[in-house]
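A short worksheet on the structure shown next.
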Amino acid sequence: MATRLAPDAVAALLGGRETRLAALDALEAEPTQHDAALALAAAPALTDILCLAESEVGPELFQRVSLLRARLVAEAADPPAVCGAGWSGGRFARFFGAEANVVANMMSSKPATALTRSDALCLACEAAVYTPAYVFGWERLASSCGFSSANPFGEWIAVFNAGNPLLVAKAPDDAVPGAVAALLFELLRGGDLPARAAVGAWFTIQCCLIGRPSLGGLAMELDVFSLAAEHMRAAGRPEDWLSITRGNQLAFAVLGAVNNTNSAASTAGPQQTGPDQDQTVQTRPDQALLISSGLLDMMLEAVVVFAALEERARQDVDPGALCMALFIIRNAMRVPAAASKIRSVGKALAFCMEHSLALCETIGLTSGAGATTM
């Protein structure tokens with residue numbers, strides 16, 4: 001029988017070198033959802049471990065701790081509260097500012113060509129915590145982290161944008177993000193990643209693509225659309241992956257990577273005219289791939305499913321998943337082959353406008369806004 005840890009003892013046990021591994025064993029061995037008080041007490045200690053020097057916490061332990069933290073958040077009745085506890089007391093900024101942990105050493109000492117699967121997996125496992133924490137909106141998550149100004153999300157995202165090692169502020173050159181994305185696609189195609197690591201891998205690919213037009217082409221070369229479609233099919237029907245309680249938080253991560261590929265491709269270069277398209281309309285390769293991969297049909301089915309839900313069931317819908325579905329539909333609007341399909345779900349799109357869900361009201365990231373632009 002697994003040893004159950006007491007909430008008032010878990011932080012000290014995780015913090016001690018001699019007791020850390022046994023405490024991790026006990027937390028991982030819990031067969032059911034962790035007690036809320038235990039999760040809230042363990043989360044800050046787990047983040048503290050991730051900040052430690054690589055000489056004390058190597059890649060394998062870093063990955064293990066990251067996935068345990070993501071599990072505590074994903075299984076919680078109140079994910080933002082547990083994630084916020086993990087990032088409380090300045091820990092969110094402290095992690096990004098760590099100078100000798102696994103991620104810092106990787107980014108400071110290795111050129112893009114020397115990065116390994118293990119390096120990419122460390123980034124994916126650490127990022128596994130974000131998507132389950134977002135399900136009730138970014139503003140709530142930011143407030144749970146202790147950002148208490150009139151614009152908590154603004155404070156939170158400023159720290160994230162300045163500190164994330166794959167974003168432009170830390171990595172102005174595309175080489176490292178491109179190498180990380182390629183390694184993550186390789187890991188995802190292998191099919192043997194733990195489920196939470198796969199979610200983190202897709203979220204990390206999102207980050208690699210932000211503000212990098214050249215990497216939109218790389219993502220297409222690496223077959224992002226087909227791989228995304230494969231993972232979405234594995235996630236089940238739209239009624240499954242749209243649901244917070246029934247889903248596995250994969251949809252927002254996967255669809256966000258697809259949407260960021262579209263965004264990167266939209267600024268990467270000239271459009272192409274497809275041979276079977278109306279010659280007066282130019283179609284980008286990424287837009288055509290949304291159709292040929294089957295992703296567009298999945299997204300259209302999702303908005304129809306959402307529009308058919310009763311009010312109580314809509315409260316269980318992941319706003320990030322619905323927003324990304326609508327943005328992907330919007331990205332395909334200029335493709336003649338997609339136009340009639342999109343028009344056929346006009347009533348469902350109107351319903352999305354009238355029953356908007358907010359991922360981040362502060363920046364207008366809502367399903368209503370996504371539907372309005374069509």
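Yes or no: region 342-351 includes at least one residue that is closer than 19 Å to Ser243 by Cβ, of a type in the set (A, V, I, L, M, F, W, C) and part of a helix (DSSP H, G or I).
yes
Can you tell me how many residues in region 37-62 are over 21 Å from Ala9 (Cβ atoms) and touching a Pro at 6+ places or on another chain (Cβ under 9 Å)?
Selection size over region 37-62: 0.
Could you identify the single residue in Ala348, Ala325 that is modelled with pLDDT of 90 or more and touching a Phe, Trp or Tyr at 6+ places or on another chain (Cβ under 8 Å)?
Unique residue meeting the criteria: Ala348.
Mind counting the residues in region 286-328 that are surrounded by 22 or more Cβ atoms within 10 Å (Cβ to Cβ) and not hydrophobic (A, V, I, L, M, F, W, C)?
Residues in region 286-328 being surrounded by 22 or more Cβ atoms within 10 Å (Cβ to Cβ) and not hydrophobic (A, V, I, L, M, F, W, C): 5 in total.
Those residues that are among the aliphatic types (A, V, I, L, M), in a loop (DSSP other than H, G, I, E, B) and surrounded by fewer than 23 Cβ atoms within 10 Å (Cβ to Cβ), I need them from region 208-246; list them, please.
Ile210, Leu222, Ala235, Ile244 - these are the residues of region 208-246 that are among the aliphatic types (A, V, I, L, M), in a loop (DSSP other than H, G, I, E, B) and surrounded by fewer than 23 Cβ atoms within 10 Å (Cβ to Cβ).
Can you list the helices (runs of 4 or more DSSP H) found entirely within region 4-64 that contain at least 1 residues being surrounded by 18 or more Cβ atoms within 10 Å (Cβ to Cβ) and not aliphatic (A, V, I, L, M)?
Result: 20-29, 36-50.
So that you can scan it fast, the table gives a plain yes or no per residue for (1) part of a helix (DSSP H, G or I); (2) within 30 Å of Arg140 (Cα to Cα); (3) in contact (Cβ under 8 Å) with a residue 40 or more places away in the chain; (4) more than 22 Å from the chain's Cα centre (by Cα):
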| site | (1), (2), (3), (4) |
| --- | --- |
| Asp286 | yes, no, yes, no |
| Leu300 | yes, yes, yes, no |
| Ala307 | yes, yes, yes, yes |
| Gly320 | yes, yes, yes, no |
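Could you list, in sequence order, all residues of region 231-254 that are more than 15 Å from Leu309 (Cα to Cα) and among the small types (Gly, Ala, Ser)?
Ala234, Ala235, Gly236, Gly247, Ala251, Ala253
Residue pairs, Cβ under 7 Å, 6 or more apart or interchain, first in region 243-255 and over 9 Å from Asp316 (Cβ atoms), second of a type in the set (Ser, Thr, Tyr) and crowded, with 20+ Cβ neighbours inside 10 Å. List them.
That search, which allows pairs on different chains as well, returns Gln249/Thr131; Phe252/Thr131; Phe252/Tyr134; Ala253/Thr131.
Given (1) closer than 25 Å to Ala181 by Cα; (2) within 23 Å of the chain's Cα centre (by Cα); (3) modelled with pLDDT under 95, identify the lone condition not met by Ser109.
(2)
Within the group Ala179, Ala175, which residue is touching a residue at least 60 places away in the same chain (Cβ under 8 Å), surrounded by fewer than 18 Cβ atoms within 10 Å (Cβ to Cβ), over 19 Å from Phe95 (Cα atoms) and aliphatic (A, V, I, L, M)?
Ala175
The values are calculated or read from the model by the stated rules, or taken from the named source; none is laboratory data. Here the structure is a predicted model, which is why all the values come from computation and not from measurement. All Cβ positions, even for glycine, are placed from backbone atoms using ideal geometry, and neighbour counts span all protein chains on display.
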